[in-house]
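Step one of this worksheet: look at the structure below.
Values in this text are rule-based calculations from the coordinates and carry no lab data. These numbers were taken from a predicted model, which means no experiment stands behind them. Because the Cβ atoms are built from the backbone with ideal geometry, glycine has one as well, and the counts that use them run over all protein chains shown.
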Amino acid sequence: MRIGLVSLGGVLLIVACGGGGTDPGGNGGNGGGTLVHAKRVTAGTGTVFTPDVQTIPANDTIYFTFATVQHSVEFTTPSSPANIGVSTNTTVKRVFPTAGTFDYFCTVHGNNMSGQIVVQ
């Protein structure tokens with residue numbers, strides 16, 4: 001990091017120019033990569049996914065968040081991402097590379113606890 005002193009009309013300014021830092025995403029501040037507008041589906045203490053339908057663009061990410069009650073995600077649509085086994089107190093991400101409608105349900109609570117990811 002370079003630090004310079006600049007005087008403007010009797011006012012002393014300290015100017016810093018950073019470089020090589022890291023951003024929270026771990027990209028080293030260099031930009032690039034795929035812009036992700038991730039959305040979340042939550043499985044709380046009840047027997048519903050919230051929201052039960054999420055719509056995202058192709059190549060985007062869904063974060064499935066599980067509370068203190070055991071839940072899972074079992075996809076029933078061909079070419080779906082990998083299923084998520086029985087989980088609690090965690091967040092698991094899945095990327096949806098292709099357009100389509102991906103139905104899923106919780107194996108612990110059956111078809112009454114179901115949802116859908118619509119990829120455009």
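Please find, within the stretch 94-104, the residue that is nearest to GLY115 (Cα to Cα) out of those that are of a type outside the set (Phe, Trp, Tyr) and outside any loop (DSSP other than H, G, I, E, B). Selected residue: ASP103.
Restricting to the stretch 87-117, and then to whatever is touching a residue at least 60 places away in the same chain (Cβ under 8 Å) and of a type in the set (A, V, I, L, M), can you tell me which residue is surrounded by the most Cβ atoms within 10 Å (Cβ to Cβ)?
ILE117
A count restricted to the stretch 70-86 and to residues that are of a type in the set (Val, Ile, Thr) and surrounded by fewer than 15 Cβ atoms within 10 Å (Cβ to Cβ) stands at 3.
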